[in-house]
Amino acid sequence: MQNASKVLKTEPSLQNIKKRYDQLDKWDERLNKNDGFIRWKDESIREASDHFRWIHSFEKQIQEAEQRIENINWLNPLKLKENRLTKDRAEEEITRVKTEIKFHDKKLNYHREKLGFSNEKEFNQMKTQHEAERPELLEKNKNTRQYIRSERNVLHKAEIAHKNAFVRQVASLYPERPEMRYMDFKTATKLAGLHKNGVVVSIETIEKNPE
């Protein structure tokens, strides 16, 4: 009880214990949201990084295709057909790859909006900051969860002590029935509610009227 008083900073009554349980539940919910946000941000950054990598890969393909066109020797009449075929294929590849770039750039719009960046430089800055802050955030959440578990344990012990004392108090009204000491808290609460004006209701009456 003394530990519960320190935790609650007030009388460790069942009502105060329940009130603190509710506060801890809300605290847990906030931690779950924090953890969920970190996981979401991890995934969103990973997806955005993948899109940027694809765009860079496709941009390199465009450069290579343009280089193939630039390297064509149009002065050689014997390779005119081959050169035209090389040029056509390179241009087709450029068109296809530009479509792929547009696709990935469009996919990045979601991440731009949600993560708050407008270009790759800003994205990399945001990513670096997140990776630097992430371990501390996770450690803080972990420590907070450990504290909550510890506090719940203290409150649970105080709650059990209260309920056991209440059961003993109700059982003392039935000295002829020593087995009443082993009833649960719910039963004891029900029995206590049947006692009116300090008059003890007989156990026989209770057994005949279970509801």
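Which of Leu78, Leu108, Leu194 ends up with the largest GNM mean-square fluctuation for the chain, with Cα atoms connected below 10 Å?
In this elastic network of the chain, the residue with the biggest mean-square fluctuation among Leu78, Leu108, Leu194 is Leu78.
Can you pull out the GluC sites (Glu not before Pro) in segment 84-183 that DSSP calls coil and that have at most 13 other Cβ atoms within 10 Å?
Filter output for segment 84-183: Glu176.
List the aspartates and glutamates whose Cα sits under 17 Å from the Cα of Lys157, skipping any in the same chain fewer than 8 residues away.
Excluding near neighbours in sequence, the set is Glu11, Asp22, Asp184.
Name the lysines eligible as straight-distance cross-link partners of Lys41: C-alpha to C-alpha under 29 Å, and not fewer than 8 places from it in the same chain.
Lys26, Lys33, Lys60, Lys98, Lys102, Lys106, Lys107, Lys114, Lys121, Lys127, Lys140, Lys142
About the Cα centre of the chain, how large is the charge dipole given +1 on each Lys and Arg Cβ and -1 on each Asp and Glu Cβ? Please answer in debye to the nearest 20. Before the final figure, lay out each step's value.
Values: 43 positive and 36 negative charges, 119 e Å.
In debye, rounded to 20, the chain gives about 580.
Please go through segment 22-79 and write out the chymotrypsin sites (Phe, Trp or Tyr not before Pro) that DSSP classes as loop and that have at most 11 other C-beta atoms within 10 Å.
Qualifying residues, ordered by number: Trp74.
Given the options Asp35, Asp88, Asp50, which has the most mean-square fluctuation in a GNM of the chain, springs set between C-alpha atoms less than 10 angstrom apart?
Asp88
So if I take the centroid of the Cα atoms in segment 21-38 and the same for segment 140-185, what is the distance between those two points in Å?
What the calculation gives is 25 Å, centre to centre.
Would you mind telling me which residue in Leu75, Leu115, Leu24 has the biggest mean-square fluctuation in a Gaussian network model of the chain, where springs connect alpha carbons within a distance under 10 angstrom?
Leu75
[x] 108; [y] 219; [z] 311: which one is volume of the Cα convex hull per residue in Å³ as calculated from this entry?
[y]
Which value, in debye to the nearest 20, describes the size of the charge dipole of segment 76-198 about its Cα centre when Lys and Arg Cβ atoms bear +1, Asp and Glu Cβ atoms bear -1, and nothing else is charged?
That gives a dipole near 320 debye.
So for the chain, taking the charge dipole from beta-carbon charges (+1 Lys/Arg, -1 Asp/Glu), which of Ile160, Ile55, Asn119 sits furthest toward the positive end?
Ile160
Every number here is computed from the coordinates shown, using simple stated rules; none is lab data. Keep in mind the model is a prediction, meaning the values are calculated, not measured. Positions of Cβ are backbone-derived with ideal geometry, glycine not excepted, and every protein chain shown enters the neighbour counts.
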